[in-house]
């Protein structure tokens, strides 16, 4: 649960930062984008950035915090363009590969290009960074296939891992005390786990509002969904074991990050209750919102979160 106590101050800081961006670029973020950035910049900084810097005994800087929110703003606006088909593929390619040549058409594009250029100008290993950017761009374009019911589960899992994985590897380049790239496998595995956790929590939105097919709403039984998710948990744990740091630091890092998979198991438990004694899950399109939304304010879910975090924090049994 380390880091949860510091979320509120980070949310307030994030709201202030977004207000400054709106004033600077003369516009307003859409409510969905605003809420997404405020939420994820705080979680990302507390649970990812600070834990990776601690792993390598590196002090996080104020610039790391600023770069973190710039990255969240950029990815949120980019996802919005992709998911809502607000821009042609040619214009999207130009914006991503040649941001310095782009003439933005609106507030969102002005902010996205500015964040992209600011971050690009700060990274130390530009060649490695561009390789990650290209991998993300390909994964994001491939994610359009998730709107197609004929896309098979293997493709969906592959897209999910690449989209989440490369997006998080991107963050490693924003740390001013740059963490050595032999940790990239761990960033990548954690990114895939975070994306899968989000998919488990977004079953209602993805199914009934967005029409997106994910591993969490494509598979027919809770056991199948759980197998995919726990496989990713194990991939992440193995990536921690492979890190070139002491055993103590590996254990400490695993405990701190175990909260992420604990959230995933809360969502899995809710799906298990939804399936009940049936041999398969019901059609999510016919399920009321309250049965698919995970309420983390319930005392029982908070209690379960602690239990799952304790279990998942163990690297060696």
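The values are calculated or read from the model by the stated rules, or taken from the named source; none is laboratory data. In this text, all values refer to a predicted model and were calculated from it rather than measured experimentally. Here the Cβ is made from the backbone with ideal geometry for all residues, glycine too, and neighbour counts use every protein chain on show.
Key figures for this structure:
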item: Residue check, residue 294 closer than 21 Å to residue 47 by Cβ and not in a helix (DSSP H, G or I); result: yes
item: Residue ID - modelled with the highest pLDDT, chosen from residues in region 282-291 that are in a loop (DSSP other than H, G, I, E, B) and either within 26 Å of the chain's Cα centre (by Cα) or loosely packed, with under 10 Cβ neighbours inside 10 Å (or both); result: 283
item: Helices (runs of 4 or more DSSP H) (entirely within region 1-113) containing at least 3 residues that are modelled with pLDDT of 85 or more; result: 7-25, 31-44, 50-55, 62-83
item: Flag if residue 107 is at negative phi, in contact (Cβ under 8 Å) with a residue 60 or more places away in the chain and out of contact with any strand residue (DSSP E or B) (no Cβ under 7 Å at 6 or more places or on another chain); result: yes
item: Qualifying residue in region 77-97 (condition: in contact with a helix residue (DSSP H, G or I) (Cβ under 9 Å, 6 or more places away or on another chain), crowded, with 19+ Cβ neighbours inside 10 Å and within 27 Å of residue 251 (Cα to Cα)); result: no
item: Count of region 29-55 residues which are surrounded by fewer than 17 Cβ atoms within 10 Å (Cβ to Cβ) and in contact (Cβ under 8 Å) with a residue 12 or more places away in the chain; result: 4
item: Residue match in region 119-133 (condition: within 26 Å of residue 309 (Cβ to Cβ), assigned to a helix (DSSP H, G or I) and out of contact with any strand residue (DSSP E or B) (no Cβ under 6 Å at 6 or more places or on another chain)); result: no
item: Hey, residue 263 surrounded by 12 or more Cβ atoms within 10 Å (Cβ to Cβ) and closer than 23 Å to residue 48 by Cα or not; result: yes
item: Test for residue 229: is it at pLDDT 95 or above and closer than 30 Å to residue 124 by Cα; result: no
